[in-house]
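The values are calculated or read from the model by the stated rules, or taken from the named source; none is laboratory data. Keep in mind the model is a prediction, meaning the values are calculated, not measured. All Cβ positions, even for glycine, are placed from backbone atoms using ideal geometry, and neighbour counts span all protein chains on display. Note: areas computed on protein heavy atoms with side chains; ligands, DNA, RNA excluded. Shrake-Rupley method; radii C 1.70, N 1.55, O 1.52, S 1.80 Å.
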Amino acid sequence: MFVITADQHASQRTPDRVPAILEALAAAPGLRTVRAFERTVGDEIQGVLGDAADVIRAAARLNRHGHWAVGIGAGPVEELARTSAASRGPVFVAARRAVERARSKAVPVPVAVDWSRPSRGAEVDHAEALMRLVASIERRRSDAGWEVIDLLPGTTQAAVSDRLGITPAAVSQRLRAARWAEVQAVEPLLRELLIALHRAADPRSSGDEPLEED
C-alpha cells in the first residue's frame, strides 16, 4: 500500500488551503483512492492509495497547487479502518518520516519518499530522485500550461486548439514550456520504480493494487 501525507507550507501565515486541495484531489481525473484524502490534524492531509499510477496522479495535483510538502510512504498496512486517520501500520510511519523530510529546508524540492523498512535502500533513493525531478517541473508550470494539459487526455492538440481558441502553434508552445513530453516519457519509469519500492517494502503485495474507495 501507499500513503501520501502532505503538510501545508507556512500555514500560520497563510489561509487554510486544506478544503481547496481536498476538493482538487477528489476531482482529479482518474485518481482512485483506497481511503480518500482527508484532513488529519491541523493543516495536514492524508490519503491511502493502492496503485503506483495513482500516487503519481495525486502527487501531480499537490505539486500543481504548490503549497504542500509531500511525503510518500510504501509498505504494509496493519489496520485499514474506515478512514486514513483511523488506520495504522508501517506504511503510515513511512509517510510520516517522508513528510518530515519533505518540509525540511535541506531538501531542494519538498517531496520525499520512504518505506517501512528500518534503513533506506537504493529503491527509495531512486524513486525519490525521479519523483523530485518530476515535481520540480510540475511546480514550475504556468496556469496556461496546465490548461492545455488538462484538456489533452483522450483528444488531440488540434482539438485543444479549437477548444481554447488559440493556434496549434500556441498549444505546442505551451506544452514545450510545461515540459509535458519529457514528463510523459519518464512517468512509466517512475511507476516501475514505485512498484519495485513497494514490493521490496512489502513482499506480500504486488505494489500495483488498484482498490476503490469504500
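For segment 158-175, state whether one or more residues are under 18 Å from the mean Cα position of the chain (by Cα), acidic (Asp, Glu) and assigned to a helix (DSSP H, G or I). No: zero hits.
SER119 fulfils the conditions (1) within 21 Å of ARG39 (Cβ to Cβ); (2) open to solvent by 20 Å² or more (accessible area, probe 1.4 Å) except for a single criterion, (1).
When GLY66 is tested against (1) free of Cβ contacts under 8 Å to residues at least 60 places away in the same chain; (2) open to solvent by 10 Å² or more (accessible area, probe 1.4 Å), just one condition goes unmet, and that condition is (1). Exactly one of (1) more than 17 Å from ARG61 (Cα to Cα); (2) part of a helix (DSSP H, G or I); (3) open to solvent by 20 Å² or more (accessible area, probe 1.4 Å) is unmet by ALA86. Its number? Condition not satisfied by ALA86: (2). ARG97 satisfies every condition listed in (1) over 20 Å from TRP146 (Cβ atoms); (2) open to solvent by less than 10 Å² (accessible area, probe 1.4 Å) except (2). Screening VAL148 against (1) out of contact with any strand residue (DSSP E or B) (no Cβ under 9 Å at 6 or more places or on another chain); (2) in contact (Cβ under 8 Å) with a residue 40 or more places away in the chain; (3) among the hydrophobic types (A, V, I, L, M, F, W, C) leaves a single unmet condition, (2). Being basic (Lys, Arg), assigned to a loop (DSSP other than H, G, I, E, B) and touching a residue at least 40 places away in the same chain (Cβ under 8 Å) is a description that does not apply to ARG13.
All of (1) in contact with a helix residue (DSSP H, G or I) (Cβ under 6 Å, 6 or more places away or on another chain); (2) part of a loop (DSSP other than H, G, I, E, B); (3) over 17 Å from PHE37 (Cβ atoms) hold for VAL77 with one exception: (3). Criterion applied to ALA6, ALA36, ALA20 was being over 27 Å from PRO90 (Cα atoms) and either in contact (Cβ under 8 Å) with a residue 24 or more places away in the chain or open to solvent by 30 Å² or more (accessible area, probe 1.4 Å) (or both), and the one residue passing it is ALA20.
With within 18 Å of LEU31 (Cβ to Cβ) and open to solvent by less than 40 Å² (accessible area, probe 1.4 Å) as the only criterion, which of VAL171, VAL111, VAL160, VAL124 stands out?
Criteria check complete, one pass: VAL111.
Pairs linking a residue in segment 125-145 that is part of a helix (DSSP H, G or I) to a residue that is polar (S, T, N, Q), with Cβ atoms under 8 Å and 6 or more positions apart or on different chains, are VAL134/ASN63; ALA135/ASN63; GLU138/ASN63. Among residues belonging to segment 108-124 that are modelled with pLDDT under 95 and in a helix (DSSP H, G or I), point out the one that is nearest to the chain's Cα centre (by Cα). My answer is GLU123.
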